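Heads up, the thing below is written out as structure tokens.
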2 protein chains.
Amino acid sequence: MCQTKKIGRQTFALASPPIIIGHANVVGKKEGEGPLSDSFDLINPDTTFGESTWEKAERTMQKLALNKALSKAQITSADVDLLFAGDLLNQCISSGYAARDVGIPYFGLYGACSTMSESLSLAAMALDGGFGSCTAAVASSHFCTAERQYRTPLEYGGQRTPTAQWTATAAGCVILAKEGNGPRVTNVTIGRIQDKGVKDPSNMGAAMTWAAYDTISCHLKDTGRSSAYYDLIVTGDLGKLGHDLLLELFQQDGFDLSQNYDDCGCLLYDRENQDVHCGASGCGCSASVLTGYLLNGMKSGTWKRILFCATGALHSPTSLGQGDTIPGICHAVAIEM
Amino acid sequence: MCQTKKIGRQTFALASPPIIIGHANVVGKKEGEGPLSDSFDLINPDTTFGESTWEKAERTMQKLALNKALSKAQITSADVDLLFAGDLLNQCISSGYAARDVGIPYFGLYGACSTMSESLSLAAMALDGGFGSCTAAVASSHFCTAERQYRTPLEYGGQRTPTAQWTATAAGCVILAKEGNGPRVTNVTIGRIQDKGVKDPSNMGAAMTWAAYDTISCHLKDTGRSSAYYDLIVTGDLGKLGHDLLLELFQQDGFDLSQNYDDCGCLLYDRENQDVHCGASGCGCSASVLTGYLLNGMKSGTWKRILFCATGALHSPTSLGQGDTIPGICHAVAIEM
């Protein structure tokens, strides 16, 4: 029998921290023109990735990211015991069709933009629990598929409000193994849904910040760590507004996170010059920043300990149309060299 | 470190098989009028469950099933370490909003109608891996929410083809624990997606049968068991057509499953008198049959060993509109007294 790994209320300390033996990402043109350009494995010159529809492009992105991560880890898909993947599209078709084509035993996930944390948590838990020797975690989003599904067709040319964020056209993949070299997943804190009554789908940063606040606070309490334990605490896609709100919430508790906190949604684009308003969003935002800038930075010595906290808004156009508020979720994954 | 639990290609033998300490279900009027009427914990006199929309009704069904299962297990939601849940709606809003209201750390899943197998597999794997002492698995579907999302609004009065199935208005919940009395989850076989080119969304039984065939064959091979090891092998919602096709596929391999195989989609309704064509479908179909008829039957001694194999079709209206075929998935969960 495996020993109990639970510490505190929502955190699990992995007994044999799985190792990140490979990671890769794929992005579109706009992301490739941003400040993190150097950290991407593949930048497509447009948003089609050679496919006839954007939906087909998104699944191709997932396959490209997975295959690149496998080749960087010097293994093949036959070596992967379990695949955990998700995306934003109705019925998670990007992940389902990609998983069909790679043929790995598959768990489909829906965690909205928190998917990279969710898939990484489950992939790490599965390995640590004895369920195989290699697992993969994948997440993606695509600006054009998300816009027409959640908002309006691109042809409509809708105006965006200042609090809006830009859904990243990006996919990321992490390959975990029981043995090898690389950063390790040491702890996971599984989020409880938080809902403070935000109803504006153009201000999801505000809706998700409360979940990030709850999960990060819980993680620090459960582990007995101060926020300074981490060289970087990084949320998924709170954007500028959510980023500032989170700092404020911790400040009210007497914690100053300003020195070691950042948000993937603030990192992916140049907000001054790329017309993205509050920043980036989408599963692909945190997935591509994690699998490039962050993990590369850990390997090159910039950071030794990162707390990766992707954030998701669990609403739908139907739920908003029926008067519901926007629930948020955040899972925290501690990655250490 | 936990010992490796993998046997064969896709199967994991749980080291300390988690125990089903509680299970419950909730159904609508039509399901309550069917042959399994006696096995339901709550039959609502209509499809609204007291809510103003069907979407809100579906999330209420999930909460009712979870709370009933908790009370039957004589525990509270605070005792549950992790909740694994999913449904058919865009962005899985039934599960997300239900999880918000119960406040348990939450993993959202999308496995279409295979969700009860997916959630049960992950809930069992988490416990066996040392991630807490109690987990919950939930799945639901609702005829009225599914029809208007996947097909046409009910008011349209669309004609149904003979191969069509009826989406169950039902939810089911299983509570697993490391200690207690009840049937145990001993093995899980995680499915790989199968796609034989079926494009007709009114014939999902045919699309999913290949996944059931692949996963069950793999399970028997991985475990070295003959099909007769199980008192009952039961698929999720292949319906009459898929049921017969599966028997034929195994017959071609020299296996006669006719004595110990059934399908939840064939069990839930009286096909002669309830106008459901090929039978039942939806996550709620296998979820409600498992948590009533099947687990009750195990406890009363009808069956000692069941292989529960919920099946899902991972397409969307968008993917079909773009010319894609319907991929199927099936996860097998061995439950033994």
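Have a look at A:15, A:85, A:57 and point out the one that is among the aliphatic types (A, V, I, L, M), modelled with pLDDT of 95 or more and either touching a strand residue (DSSP E or B) at 6+ places or on another chain (Cβ under 7 Å) or crowded, with 24+ Cβ neighbours inside 10 Å (or both).
The match here is A:85.
Against the list (1) of a type outside the set (D, E, K, R); (2) buried (at least 24 other Cβ atoms within 10 Å of the Cβ); (3) in a loop (DSSP other than H, G, I, E, B), the condition residue B:301 fails is (2).
Would you confirm whether or not the stretch B:161-172 contains a residue that is at pLDDT below 95 and more than 21 Å from the chain's Cα centre (by Cα)? Scanning the stretch B:161-172 turns up at least one residue that is at pLDDT below 95 and more than 21 Å from the chain's Cα centre (by Cα). Once the stretch A:69-90 is narrowed to residues that are part of a helix (DSSP H, G or I) and farther than 29 Å from residue A:212 by Cβ, the residue that is farthest from the other protein chains (Cβ to nearest Cβ) is A:72. For the stretch A:1-33, filtering for residues that are of a type in the set (Phe, Trp, Tyr) and touching a Pro at 6+ places or on another chain (Cβ under 7 Å) leaves 0.
As a summary of the residue check, residue A:196 satisfies the conditions (1) crowded, with 22+ Cβ neighbours inside 10 Å; (2) more than 18 Å from the chain's Cα centre (by Cα); (3) assigned by TED's automatic domain parsing to the domain that holds residue A:299 except for the one numbered (1). Among the residues of the stretch A:304-337, those identified as touching a Leu at 6+ places or on another chain (Cβ under 9 Å), in a strand (DSSP E or B) and small (Gly, Ala, Ser) are A:310, A:328, A:332, A:334.
Table: residues versus (1) on the phi > 0 side of the Ramachandran plot; (2) loosely packed, with under 15 Cβ neighbours inside 10 Å; (3) acidic (Asp, Glu).
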| residue | (1), (2), (3) |
| --- | --- |
| B:144 | no, no, no |
| B:151 | no, no, no |
| B:155 | no, yes, yes |
| B:158 | no, yes, no |
| B:161 | no, yes, no |
| B:168 | no, no, no |
| B:176 | no, no, no |
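Of all residues in the stretch A:203-245, those satisfying the criterion of being closer than 16 Å to residue A:260 by Cα and polar (S, T, N, Q) are A:217, A:226, A:227, A:235.
Residues that are in the same structural domain as residue B:74 (by TED's automatic domain parsing), touching a residue at least 24 places away in the same chain (Cβ under 8 Å) and not acidic (Asp, Glu) occur in the stretch B:152-161; there is at least one. The listed residues are B:239, B:254, and the only one of them that is modelled with pLDDT under 95 and farther than 26 Å from residue B:69 by Cβ turns out to be B:254. Restricting B:235, B:325 to residues that are closer than 26 Å to residue B:147 by Cβ, within 21 Å of the chain's Cα centre (by Cα) and among the polar types (S, T, N, Q) narrows the list to B:235. When B:32, B:8, B:28 are screened for being in contact (Cβ under 8 Å) with a residue 40 or more places away in the chain and farther than 24 Å from residue B:124 by Cα, only B:28 passes. Selection of the stretch A:287-298 for residues being more than 18 Å from residue A:144 (Cα to Cα) and in contact with a strand residue (DSSP E or B) (Cβ under 7 Å, 6 or more places away or on another chain) yields A:290, A:291, A:292, A:294, A:295, A:298. Checking A:334, A:313 one by one, the residue that is farther than 25 Å from residue A:27 by Cβ, at pLDDT 95 or above and aliphatic (A, V, I, L, M) is A:334 and no other. The residues on offer are A:238, A:295, and the sole one that is surrounded by 21 or more Cβ atoms within 10 Å (Cβ to Cβ), farther than 25 Å from residue A:317 by Cα, touching a residue at least 40 places away in the same chain (Cβ under 8 Å) and not assigned by TED's automatic domain parsing to the domain that holds residue A:140 is A:295. Can you confirm whether the stretch A:271-278 contains a residue that is in the same structural domain as residue A:229 (by TED's automatic domain parsing) and part of a helix (DSSP H, G or I)? Scanning the stretch A:271-278, I find no residue that is in the same structural domain as residue A:229 (by TED's automatic domain parsing) and part of a helix (DSSP H, G or I), so the answer is no.
Give the stretch A:91-103 a look and list any residue that's at the interface with another protein chain (Cβ under 7 Å from one of its Cβ atoms) and surrounded by fewer than 24 Cβ atoms within 10 Å (Cβ to Cβ), or say none.
Result: A:100, A:103.
Residue by residue, here is whether (1) within 20 Å of residue B:124 (Cβ to Cβ); (2) β-branched (Val, Ile, Thr); (3) crowded, with 24+ Cβ neighbours inside 10 Å holds:
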residue: B:281; (1), (2), (3): no, no, yes
residue: B:286; (1), (2), (3): yes, no, yes
residue: B:291; (1), (2), (3): yes, yes, yes
residue: B:319; (1), (2), (3): no, no, yes
residue: B:325; (1), (2), (3): no, yes, no
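In summary, residue B:132 fulfils each of the numbered conditions (1) in contact with a helix residue (DSSP H, G or I) (Cβ under 9 Å, 6 or more places away or on another chain); (2) more than 10 Å from chain A (Cβ to nearest Cβ) with the single exception of condition (2). The set of residues from the stretch B:122-160 being within 23 Å of the chain's Cα centre (by Cα), among the basic types (Lys, Arg) and within 13 Å of residue B:202 (Cβ to Cβ) comprises just one member, B:151.
Only residues that are within 10 Å of another protein chain (Cβ to nearest Cβ), in contact with a Ser or Thr (Cβ under 6 Å, 6 or more places away or on another chain) and under 29 Å from residue A:12 (Cβ atoms) were counted in the stretch A:304-327, giving 1. A count restricted to the stretch A:104-118 and to residues that are more than 9 Å from chain B (Cβ to nearest Cβ) and farther than 19 Å from residue A:143 by Cβ stands at 1. Every test in (1) more than 22 Å from residue A:289 (Cβ to Cβ); (2) in a helix (DSSP H, G or I); (3) outside the structural domain of residue A:61 (by TED's automatic domain parsing) is passed by residue A:213 save one, and that test is (1).
The values are calculated or read from the model by the stated rules, or taken from the named source; none is laboratory data. Note that the structure is a prediction, hence the values are computed from the model and not measured. For neighbour counting, all protein chains shown are included, and Cβ atoms are generated from backbone atoms with ideal geometry for every residue, glycine included.
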